[in-house]
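Below is one structure, written out as structure tokens, with a few remarks after it.
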Amino acid sequence: MTKPAPILFPKDFLWGCATSAYQIEGSPLADGAGPSVWHRFSHTPGRVQDGDTADVTCDHYRRWESDVDLMHSLGLNSYRFSIAWGRVLPEGTGRINAAGLDFYERLVDRLLSRGIQPMVTLFHWDLPAALDDRGGWLNRDIAQWFAEYADVMFRRLDDRVNYWTTLNEPWVVADGGYMHGVLAPGHRNIFEAPRAAHHLMMAHGAAVQAYRATGRNKIGLVVNIEPKYAASQSDADCAATRRAEAYMNRQYLEPALLGSYPEELHEVFGEAWPQWPAADLRLIKQPLDYIGVNYYTRAVVRSDPTSWPLKATTVKQKQHTHMETGWEVYPQGLVDTLLWIKDQYGNPPVYITENGACFFDPPQVEGPVLEDPLRVDYLRKHITAVHTAMQRGADIRGYFAWSLFDNFEWAFGFSKRFGIVHMNYETLKRTLKSSAHFYSKVIASNGAAL
Ligand SMILES: OC[C@@H]1[C@@H](O)[C@H](O)[C@@H](O)c2nc(CNc3ccccc3)cn21
């Protein structure tokens with residue numbers, strides 16, 4: 001029996017971890033920063049589990065130098081993080097806060113000095129509150145507000161940042177923030193959700209257009225993809241699955257890549273679905289250098305006329321492990337997702353910009369390393385899935401584990417831990433989990449240690 005050939009990734013493959021500003025930085029109002037909708041939302045009683053806020057969280061705003069050194073010690077060759085728009089432009093437009101811009105410039109310089117490539121996300125949900133007061137994602141003007149902010153960042157950092165992302169997961173903002181009201185800014189309105197979604201994508205297009213005027217590197221869009229599998233071959237379940245796939249997985253990819261929306265959205269939104277001007281879709285469909293895919297889980301879908309607005313619901317797969325968010329662990333879904341993008345959208349360059357899991361880590365035996373075997377198994381199986389898709393022709397350029405640290409998990413507060421590094425929120429001590437050691441070995445061996 002010959003041993004299987006070792007898994008090996010390309011020499012220039014990006015191996016990183018991902019974070020976002022509001023989730024790890026703390027000090028949301030320091031040095032002239034303006035508040036975000038998430039600062040408001042987390043300080044609104046009842047919105048976040050246990051009343052948690054990100055006022056301190058990982059205190060990365062003050063510990064960024066040693067945090068970069070920790071990334072270097074893990075052997076990361078890249079790091080995906082986001083800019084807090086309100087640190088740079090406290091009112092969202094107009095006046096620049098030099099201290100905010102300087103923080104991100106110093107962070108980028110230190111990353112580069114440690115041989116770590118920054119991948120910078122311009123918007124990871126923390127919209128300046130001042131812009132929300134002017135309508136936020138419901139105001140068509142936000143496309144220009146976002147392009148103005150993006151241009152400030154491009155002009156300051158494009159000589160050092162090779163990978164830009166406009167938006168992180170527009171679906172989550174529209175669905176969570178405007179359809180279901182469970183995320184900032186907390187609206188629950190089926191007429192607002194498609195408008196917020198559309199304006200998010202117009203902002204994406206306007207920022208890419210601005211980048212092409214001066215930019216010399218790569219820019220893309222990050223979407224969350226959750227592959228949908230019909231619970232049965234019945235017409236009702238197959239139609240429900242198509243609606244769910246259009247609503248989450250195609251509503252953002254297709255205007256960006258094809259310049260059109262899936263027909264199923266007319267059925268999903270009904271009278272709430274506007275007729276968008278063709279010029280809007282031309283703005284959204286800007287040539288991209290890559291697509292970022294955030295993958296965590298899949299959904300098995302059945303028809304459910306009582307479920308709003310999709311008339312579809314997820315069927316729990318009791319035979320598989322689930323995370324503490326209730327998400328099924330299903331690595332095959334990542335293979336299927338990557339091959340779907342390859343086959344449906346012309347095999348664009350893809351980075352796995354987020355992949356990870358939150359498990360209640362077992363009771364910790366005292367010692368320097370915290371054991372998290374379920375997360376090690378999750379990472380091993382999903383990184384292997386990436387390699388499988390690459391062997392079948394998908395053009396995958398990098399992988400970012402979510403997340404470097406345990407951090408503020410939005411409406412879940414600190415109750416969910418996705419980090420490969422444990423965060424003690426009292427002492428702010430960082431402690432490597434066994435998944436950090438595992439990931440470090442995978443990087444050092446370029447995959448052979450899987
Ligand atoms: O929930 C884990 C992470 C989160 O911390 C990141 O900020 C965010 O980019 C992120 N996106 C997903 C996947 N998409 C998703 C699906 C349903 C609800 C919320 C997010 C997971 N995560």
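The values are calculated or read from the model by the stated rules, or taken from the named source; none is laboratory data. Source: prediction; values computed, not measured. Because the Cβ atoms are built from the backbone with ideal geometry, glycine has one as well, and the counts that use them run over all protein chains shown. Surface accessibility is based on the protein's heavy atoms, side chains included, excluding ligands, DNA and RNA. Shrake-Rupley method; radii C 1.70, N 1.55, O 1.52, S 1.80 Å.
List of remarks:
- Förster radius 56 Å - calculated FRET efficiency between residue 5 and residue 325 (Cβ-Cβ, nearest 0.05): 0.95
- At R0 = 51 Å, FRET efficiency that the Cβ-Cβ distance of residue 307 and residue 113 yields, to 0.05: 0.50
- Accessible-area order (highest first, 1.4 angstrom probe) of the listed residues 58, 238: 238, 58
- For residue 14, residues with placed amide H under 5 Å, excluding near neighbours: 398, 399
- Remark: the chain carries a charge dipole of roughly 920 debye about the Cα centre, counting +1 on each Lys and Arg Cβ and -1 on each Asp and Glu Cβ.
- Label sites at residue 282 and residue 44, each approximated as a point 7 angstrom past Cα along Cα to Cβ, lie 3.8 nm apart.
- Electrostatic dipole magnitude of the range 91-240 [Cβ: Lys, Arg +1; Asp, Glu -1; Cα centre; debye, to 20]: 500
- Residues in the range 1-42 reached by a label modelled at residue 448 [backbone nitrogen below 19 Å; 7 Å Cα→Cβ]: 2-15
- Anisotropy class of the chain from Cα gyration tensor, a/c 1.5 cut: rounded
- Look at the dipole of the chain built from charges on Cβ: of 407, 383, 170, the Cα furthest out on the positive end belongs to 383.
- Taking a ≥ b ≥ c as the square roots of the eigenvalues of the Cα gyration tensor, an a/c ratio of 1.5 or more together with a/b no larger than b/c marks the range 209-357 as oblate.
- Radius, Kirkwood style, for the range 331-399 when every pair of distinct Cα atoms is counted (Å): 13.4
- Centre-to-centre, using Cα atoms only, the range 173-216 and the range 223-277 are separated by 17 Å.
- Assuming charge only on the beta carbon of Lys and Arg (+1) and of Asp and Glu (-1), the dipole of the range 1-145 about its Cα centre is about 460 debye to the nearest 20.
- Accessible area in square angstrom per residue, the range 127-229, 1.4 angstrom probe: 30
- Here each label is just a point 7 Å from Cα along the line to Cβ, and for residue 106 and residue 360 those points are 4.1 nm apart.
- Surface listing: 66, 303 arranged by accessible area from highest to lowest gives 66, 303, probe 1.4 Å.
- Residues residue 191 and residue 159, FRET efficiency given R0 of 30 Å [Cβ-Cβ distance, rounded to 0.05]: 0.10
- Count, lysine Cα pairs under 17 Å in the chain, 8 or more residues apart or across chains: 9
- Contour minus Cα-Cα distance for residue 344 and residue 425 (0.36 nm per residue): 24.8 nm
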